[in-house]
Each structure stands twice: as C-alpha cells, then as structure tokens.
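A.B. asks: There's a structure below that I have some questions on.
The values are calculated or read from the model by the stated rules, or taken from the named source; none is laboratory data. Model, not experiment: these values are computed from the prediction. Here the Cβ positions follow ideal geometry from the backbone for every residue, glycine too, while neighbour counts run over all protein chains shown.
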Amino acid sequence: MYFKVFEWFSAKLSLKVHIIIYALISSIQALNSYMESKIDSAVEFCRAEYLSVFDDWRPEPMDGVYCWVAGGVVRDFFADKQPRDVDVYFSTPQDRDLATEFLVSKKGFTHIDSWRKHGEHGSRGHDCLEKDGLIYETFYTQPTPTLSIDEFDFTVCACAIDNGGKFYCD
C-alpha cells in the first residue's frame, strides 16, 4: 500500500523537484564525507601535536592511562586557529596528578597561576602548566569524554579526542 502511494506521489513530482531532491541528497553526502575527513584530520593532529607529550611516560606510552583533549583546542583546529591553551582531561584524579608531575619533572613544563577560567573543580582537580608559550591545563572532572563534554557550557566546544584516537561530540 505505502509503496503504491509513494509511486503515485513520485510520478506527480515534476522533474525539477526530482533534480532538487537529488542535488540536496548529493550535497548532504558530500558534506558528510568532508566532515569525516576533517574529523580524521583533527584526531591525527591533536594526537600528534598535543597528546604526544605523554608518549614516553612510564615503560609503555600512556600505559593504562586514559586521557583526552577537549574543548577549545578541538574547536580551534576546525577554525584553523592557534589554540590559547590545551585542556587535557584524565579518567582518574591519580592519573591527572601523575601526568602533571611527569610534565613538570620530565618534559620541562612549569606550574603557573591560572585565572581558573573553568572555575574551581574542588577535589576533582585542575593544574595549569606552561612550556614554550603553550598552556596545558590538566583536569579530572568526569571519568569519560562524554560525561566531561556534557558539562561544557558552550556546545561549540563540546567535543573531545581521546588518546586512542576516538572523536566525541555532544
């Protein structure tokens, strides 16, 4: 029954409408392909540029530690802008503390005072580090990227890339 209704409706549409629908579908497919390519580029870039500082941490790089970059640094990649800072989130407060100590003791980062743009996280923790003019902020807010970005106040920044190469967005 539904197929016959669709056939009847389709037959009644003009050739112009068919062309417009085809053009819209083609445009959506092209946009989807373009965005998949941009997301793949963002993942590759953020892992190489910002998460690679942890590559020689512990005997195995990032051995058992789950972290992700999120927020403005990912947004800035898509906008082709230099990030003001890099927000790195960890799944546990202990991993955040270990990573912060690693960056200071082995990678030459220094602690700096921060204006705490993200507010006080209390026991969840936040450190502000700097090296070569780039600020790294290390956080523990939630145990997963999805839960972390759910707390973001601006949806334009509600995306993350984890150290396994997975892209998350709200």
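A.B. asks: Does LYS117 qualify as being more than 16 Å from ARG96 (Cα to Cα), modelled with pLDDT of 80 or more and out of contact with any helix residue (DSSP H, G or I) (no Cβ under 6 Å at 6 or more places or on another chain)?
C.D. replies: Details: more than 16 Å from ARG96 (Cα to Cα): yes; modelled with pLDDT of 80 or more: no; out of contact with any helix residue (DSSP H, G or I) (no Cβ under 6 Å at 6 or more places or on another chain): yes.
Here the answer is no, as LYS117 does not meet what is asked.
A.B. asks: So which of SER52, SER14, SER10, SER27 is modelled with pLDDT of 85 or more and hydroxyl-bearing (Ser, Thr, Tyr)? Please lay out each step first, then the result.
C.D. replies: Details: SER52 fails: modelled with pLDDT of 85 or more; SER14 fails: modelled with pLDDT of 85 or more; SER10 fails: modelled with pLDDT of 85 or more.
After applying the criteria, what remains is SER27.
A.B. asks: So which residues in region 70-107 are among the small types (Gly, Ala, Ser) and either in contact with a strand residue (DSSP E or B) (Cβ under 9 Å, 6 or more places away or on another chain) or surrounded by 15 or more Cβ atoms within 10 Å (Cβ to Cβ) (or both)?
C.D. replies: Of the residues in region 70-107, the ones among the small types (Gly, Ala, Ser) are 70-72, 79, 91, 99, 105.
Those that are among the small types (Gly, Ala, Ser) and either in contact with a strand residue (DSSP E or B) (Cβ under 9 Å, 6 or more places away or on another chain) or surrounded by 15 or more Cβ atoms within 10 Å (Cβ to Cβ) (or both): ALA70, GLY71, GLY72, SER91, ALA99.
A.B. asks: Between a first residue in region 60-74 that is closer than 23 Å to ILE149 by Cβ and a second residue that is at pLDDT below 80 and in a helix (DSSP H, G or I), which pairs have beta carbons less than 7 Å apart while being 6 or more apart in sequence or on different chains?
C.D. replies: As it stands, the answer is MET62/PHE54, since those pairs meet every condition given.
A.B. asks: Can you find even one residue in region 99-108 that is assigned to a loop (DSSP other than H, G, I, E, B) and at pLDDT below 85? Steps first, please.
C.D. replies: From region 99-108, those assigned to a loop (DSSP other than H, G, I, E, B) are 108; that's our starting set.
With the extra rule that they be at pLDDT below 85, the set shrinks to none.
Scanning region 99-108, I find no residue that is assigned to a loop (DSSP other than H, G, I, E, B) and at pLDDT below 85, so the answer is no.
A.B. asks: Which condition from (1) at pLDDT 85 or above; (2) surrounded by fewer than 20 Cβ atoms within 10 Å (Cβ to Cβ); (3) under 13 Å from the mean Cα position of the chain (by Cα); (4) among the aromatic types (Phe, Trp, Tyr) is the one that PHE152 breaks?
C.D. replies: The single condition PHE152 does not satisfy is (1).
A.B. asks: Please identify the pairs in which a residue from region 151-168 that is basic (Lys, Arg) has its Cβ atom under 7 Å from the Cβ atom of a residue that is not in a strand (DSSP E or B), counting only partners at least 6 apart or on another chain.
C.D. replies: none
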